[in-house]
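Read-outs: derived from the displayed coordinates by stated rules, not from any lab. All figures in this text were calculated on a predicted structure; none of them were measured in a lab. Counting neighbours? That spans all protein chains shown, and the Cβs are built from the backbone with ideal geometry, glycine included.
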Amino acid sequence: MRALNRMNEITNWKANKASRAATKNISREKREETKASEGHAQAIMHTPWGLAISLRQRAGNIGPSIRQCRTARSAVPAVACRPSTRASPAVTVRARPPGECILPRLTHCPPSSVRAKLRTVGVPRAIFSPSATALSLKVDLVLHRQLGLSLAKNLGMDLDKLTMKGVMVHEFGSPDVLKVENSLPIPKPAPHQVLVQMKAAGINPVDTYIRQGMYSKLPKLPYIPGKDGAGIVKQVGHQVSSVQVGQRVFCSSKMMGTYAEYTLLEEDEVFPLGEKLTYAQGAAIGIPYFTAYRALIIKGRAKPGETVFIHGASGAVGCAAIQIAKNIGLKVIATAGSPEGLMLVEKQGADEAFDHNDENHIRAIMKATDDRGCDIVLEMLANENLAKDLEVLAIGARVMVIGSRGTNEINPRLLMLKEATVTGIMLGLSSEEEWKEVGQAIVKGVAEGWVKPIVQKEYPLNDVKKAHHDVIHGGKKRGKLVLVLIEIKAGGLNPIDVYIAERYMNRKNPASSFICGYDGAGIIRQIGKGITRFKEGDHVGCLIHTSHGGSFADFVTANEYETFSIGKLPFSEGACIGIPYFTAYCALVHQAKAKPGETVLVHGASGGVGVASVQLALHLGLKVIGTGGTDKGMQMLEQLGAHHILSHRCYVGKS
């Protein structure tokens, strides 16, 4: 009886719809297409989620209209239903047992405007076109984080209400004052500014001095730390011409702000990164390379053939200085404090390398110069080494003090004997001309390949306190410490994400603000106690079907049962497994209890769930009938191995 009542409701609803269409002068062709798509109103596995849905009568003539969202270049499944005349929902998603997909409740259906937005989501139209291979189909639907703001903008979302994750300092002090916050406002660029989505942020000793309040120029509280970083340009002011939206860049801010998902920079603080370096390497360029270049070339006036002594060369500035010095034809004498550090400086191109913990290293340096001495000295820790530096000077030598954490007693007569000079280096005092010269030289070095930043260690953003401790007290330096702001390498974009963003669907346990996304893939950085199936560093995919979601973020927490290994699959493909494949499996195996030899109709099989369903059905030994809405979609079903392929744009009963 319930089925009979349902069919009567559907029949009455179709009749009413046809009458309304006639009164609105809808063309015959459009009516036929609507009729054709509605002819399969009870077809299984037609929703974007593939879950069995419970259709409940609420009031009056209410019934489902399952339609295919069609464009000339896409075949993305979408669910449309006539809203109830009451506030109660017309369609609800039935609760699932633990371990299966739990998705939010549909309160009312998206109008055509949402389907139109699905077709113009700020990425090329081909993003919704079927792929040529099975598992790669939904790769075209992957939302990389670089598309985040474009997605929000084209969906008509209020950018003022979007928030980001970042580190805030509300008071000066120990590393404990570094607070990771999730709801910071995303800044807007002025006409001459650039908004960059940060992928990695460099950690410099100066960041710790500022955090402690022990620096000559302090920011106004509260502030976001960080001067160096690398990422993707998201927005530019109308006066900006040197970089473009979508371009990979590195940056060195004269102010602060790179310890966050987005940072606002002046145009002259942003530089092209190219494709040769990673974002972590890009984040290691700023202060180290700019400081080394300014000390050697601008202030040190280095000339080809001269000898430079880099005291403490295994750190970020030291490695940068070796690369710059070798590029301009200097002889490099470098010191480090460990066997690993000595190997590193030799690998960077140092002509001579000595252990500065050896009491005889000053004598060894003079011997290496035939007792002539060094023309330039770059000193990284003057409070300990400056007095020793004065013993290795050539006539007219220039000593560049790059770092110091205290006082030192020197013998000025050693300067007099060699008519040498000591100059302090403060990158923040660079003139506009100097800054431009340094930037152009480093960008050229990146393009030519001799700029090769050394990253000693990468930290997730949540470990910023440890990173600040290690940059000062972490022992011997071998390159740059970097905060990595992206561990979710790709997030799968599903229609449900758009419905939730448009508020056509409610989240379970809704909050005033939340991070979208259910599917993702990335690298495990931390695991909880009791986790045995995975370890740090594993490449995994995840389906966050609990209430929090959050795969459209740099980091996401997931239960062990929500996580699965992706082996050697690319992250973009791993992000395509979640909802499509879990949904298809639940529908075919758990609910339909499919058996080998049975026949399954996958209606709308060219979408993400449809492709997964075809693959699983064939694997289970089922006979597969698949429908598609475009020639490309049907060709893809043929490649997948479907036994029969039909176009669901045709009338029922016709080929």
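Order by neighbour count: Thr307, Thr258, fewest other Cβ atoms within 10 Å first, most last.
Thr307, Thr258
Taking the Cα centroid of the range 369-403 and of the range 182-234, what is the distance between the two, rounded to the nearest whole Å?
33
How large is ³J(HN,Hα) for each residue in the range 402-411, as worked out from phi by the Karplus curve 6.51 cos²θ - 1.76 cosθ + 1.60 (θ = phi - 60°), to whole Hz, x for Gly and Pro?
9, x, 7, 10, x, 10, 8, 9, 10, 9
How do His311, His238, His361 rank when sorted from fewest to most other Cβ atoms within 10 Å of their own Cβ?
Details: His311 28, His238 9, His361 16.
Ordered by Cβ neighbours within 10 Å, fewest first: His238, His361, His311.
Trypsin sites (Lys or Arg not before Pro) within the range 329-385: which are DSSP loop residues with at most 13 other Cβ atoms inside 10 Å? Could you put the intermediate results ahead of the total?
Working: sites: Lys331, Lys347, Arg363, Lys367, Arg372; in loops: Arg372.
Filter output for the range 329-385: Arg372.
Which of rounded, prolate or oblate describes the range 293-373 when judged by the alpha-carbon gyration tensor and an a/c cut-off of 1.5?
Verdict is oblate for the range 293-373.
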